[in-house]
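Trainee: Below you will find the structure I want to go over with you.
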Amino acid sequence: MSMVEMKRGDMVLEARGITKRYPGVVANDHIDFEIRAGEIHAILGENGAGKTTLMRILFGLTQPDEGEILIFGEKVNFKSPLDAIHHGIGMVHQNRKLIPAHSVIENIILGHPSAGRITNLKRTGEEITELCTKYGFKIDLKAKLWQLSEGEKQVVEILKALYRGAKILILDEPTSALAPPEVEKLLASIKLMTGSDLALVPFITHKLPIVLSVSDRVTVLRRGKVTARLETKNATEKSLAKEMVGREVIFRLQRVEVKLGKPILQVESLSALDNKELQALKAISFSVHEGEIFGIAGVSGNGQQVLAEVLAGLRNATEGKVSLDGIDISHSSSLERWQKGMGYVPAERIDVGSIGDYSLADNVLMNYYFDDEFTKWGILDSKGIRKLTEALISEYDIAAPGPDTTAKSLSGGNLQKLILARVLSRKPRLIIANLPTQGLDVGATEFVQNKLLEAKKMGAGILLISEDLDEVLSLSDRVAPIYEGEFMDIIPIEKARREDIGAMMAGLKHQAVKI
């Protein structure tokens, strides 16, 4: 049976008894999984549940220890991704596999099986444009990757797979780094794909609303095993969350009422440039008090990242003043800010928040190497750091064999727990939490949010930067919608209306802002 002859519901791919073991963990434990033509099949699970490992096996990136894969009933053996590509399988990875300095069209054709021959860029551009028209994508093929939004980069990844002839398309966490409008556009295109000649779109994610809105069937994984197989129409957010986590999950945490203390952070007329030397912050002023969560709500690219970096000492401001507990830290280094009681949870947990090849103990050390408790006569107390790391692994429920585990071997959720543990264990006065739950499953999200609320109870001031409006409204005491580097207003939570904040995030409403 060829791809063209397939009818909706025909069996396309079967995985039987797939097992993959790593030191100290079974990533996939005898998993049975199937994909049918014309459906969107969601693979749901917590960070570290084994979703990505399974899909890497199906794409030939990883070899299983046990089990078999069948395409149209015939057993196949993928020794490399090229084998999978030749069988019509394409994979869009969670971490981009693109080159920023190259154009869109160059990235799409790079690594194509026909690479090495002379490429007719005009004809190639026409072919890619046809794909864009067919699936509802809009993108400038001549643009450089670094000029694109995260949503546009995701489109490039998908087009790259489709241009190679993929009929079985594996999307690994495709919406994890996208703003809400970009998510809606991507989901519309995915639905369009399954209505055309594409065989199917396996969809690996942990975002329950997206699963319920776009998928036909769901397979749930927990700790490497299948816990549920069902049609999406028979599922709810609560039922899927329970299958993922193994317990009931609270989707909206109760905001903690704490009597606000004195200002910890004071920001006055702060301005800064982004990496393109464009104005990213425009004279913003605000304060964060003891026992307060100050939430910044905005669509990606409106200055939030630059603000976090300026406050953490990773980027210089062009003008303005930053004070911590009344002390001017505008020109202080990151180390000096940590020593004065600032904690920073960066959005880029891989590139900034951790060193992948280092052990968990060494990653914890990054926030303690200057502490007298762990340095004696200029020599690091390795035993003390290991003991602290072991305690944090236990307290924060980090799924890792021990302190010697490398950071790159952790799932996204467990890596975020490690970073949060390293920061909060110092009991900072001020916590800058930049997208602390982005890309996390419901269980890890609940855990991180509870830890922030605990820090608030202890009197810490928290600057919460989030693109999830529900999260901001649920946790914050005051909300500042940000648009093009300016706060549109600063609103007490009791006066915050979702519709108004959404309008301000889009730049449709402007109020005078006071500190």
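The values are calculated or read from the model by the stated rules, or taken from the named source; none is laboratory data. Small disclaimer: the values here were computed from a predicted structure and weren't measured. Glycine also receives a Cβ, built like all others from the backbone with ideal geometry; neighbour counts cover every protein chain displayed.
Trainee: Across segment 405-444, what is the number of residues that are among the small types (Gly, Ala, Ser) and within 16 Å of residue 361 (Cα to Cα)?
Mentor: 4
Trainee: Hey, can you tell me all the residues within segment 321-353 that are assigned to a loop (DSSP other than H, G, I, E, B) and either under 15 Å from the mean Cα position of the chain (by Cα) or β-branched (Val, Ile, Thr) (or both)?
Mentor: Once the filter is applied, which keeps residues that are assigned to a loop (DSSP other than H, G, I, E, B) and either under 15 Å from the mean Cα position of the chain (by Cα) or β-branched (Val, Ile, Thr) (or both), segment 321-353 yields 329, 346, 347, 348, 349, 350, 351, 352, 353.
Trainee: Hey, residue 290 hits all of (1) in the same structural domain as residue 500 (by TED's automatic domain parsing); (2) surrounded by 18 or more Cβ atoms within 10 Å (Cβ to Cβ); (3) within 24 Å of the chain's Cα centre (by Cα) but one; which does it fall short on?
Mentor: If we test residue 290 against (1) in the same structural domain as residue 500 (by TED's automatic domain parsing); (2) surrounded by 18 or more Cβ atoms within 10 Å (Cβ to Cβ); (3) within 24 Å of the chain's Cα centre (by Cα), just (3) comes out false.
Trainee: Could you list all residues from segment 136-156 that are under 17 Å from residue 122 (Cα atoms) and not charged (D, E, K, R)?
Mentor: 139, 141, 143
Trainee: Here's a follow-up. Among (1) within 14 Å of residue 14 (Cα to Cα); (2) without any contact (Cβ under 8 Å) to a residue 24 or more places away in the chain, where does residue 54 come up short?
Mentor: So residue 54 meets the others, but not (2).
Trainee: Still on this structure, please answer the following. Where residues in segment 117-164 are modelled with pLDDT of 85 or more and among the small types (Gly, Ala, Ser), which of them is nearest to residue 95 (Cα to Cα)?
Mentor: Of everything passing the filter in segment 117-164, 161 is nearest to residue 95 (Cα to Cα).
Trainee: Name the residue, out of 299, 310, that is outside any loop (DSSP other than H, G, I, E, B), closer than 22 Å to residue 279 by Cα and under 29 Å from the mean Cα position of the chain (by Cα).
Mentor: None of the others qualify; the one that does is 310.
Okay, residues lined up against (1) of a type in the set (A, V, I, L, M, F, W, C); (2) closer than 21 Å to residue 264 by Cβ:
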{"position": "377", "(1), (2)": "yes, no"}
{"position": "393", "(1), (2)": "yes, no"}
{"position": "418", "(1), (2)": "yes, no"}
{"position": "432", "(1), (2)": "yes, yes"}
{"position": "447", "(1), (2)": "yes, no"}
{"position": "456", "(1), (2)": "no, yes"}
{"position": "460", "(1), (2)": "yes, yes"}
{"position": "468", "(1), (2)": "no, no"}
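Here is a yes/no grid of residues against (1) of a type in the set (D, E, K, R); (2) surrounded by 20 or more Cβ atoms within 10 Å (Cβ to Cβ); (3) in the same structural domain as residue 286 (by TED's automatic domain parsing):
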position: 416; (1), (2), (3): no, yes, no
position: 476; (1), (2), (3): no, yes, yes
position: 497; (1), (2), (3): yes, no, yes
position: 500; (1), (2), (3): yes, no, yes
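Trainee: Just one of the numbered conditions (1) in a loop (DSSP other than H, G, I, E, B); (2) modelled with pLDDT under 90; (3) touching a helix residue (DSSP H, G or I) at 6+ places or on another chain (Cβ under 8 Å); (4) among the small types (Gly, Ala, Ser) is not true of residue 261; which one?
Mentor: Going through the list (1) in a loop (DSSP other than H, G, I, E, B); (2) modelled with pLDDT under 90; (3) touching a helix residue (DSSP H, G or I) at 6+ places or on another chain (Cβ under 8 Å); (4) among the small types (Gly, Ala, Ser), residue 261 breaks only (3).
Trainee: Could you go through segment 200-214 and let me know if any residue there is at pLDDT 75 or above, polar (S, T, N, Q), under 28 Å from residue 472 (Cβ atoms) and assigned by TED's automatic domain parsing to the domain that holds residue 34.
Mentor: yes
Trainee: Among the residues that make up segment 270-287, is at least one of them over 12 Å from residue 485 (Cα atoms) and either part of a strand (DSSP E or B) or modelled with pLDDT of 95 or more (or both)?
Mentor: Yes: segment 270-287 contains one or more residues that are over 12 Å from residue 485 (Cα atoms) and either part of a strand (DSSP E or B) or modelled with pLDDT of 95 or more (or both).
Trainee: Right, something else. I need the full set of residues from segment 346-386 which are aliphatic (A, V, I, L, M) and under 17 Å from residue 419 (Cα atoms), in order please.
Mentor: Hits for segment 346-386 are 347, 350, 352, 355, 360, 361, 364, 365, 366, 385.
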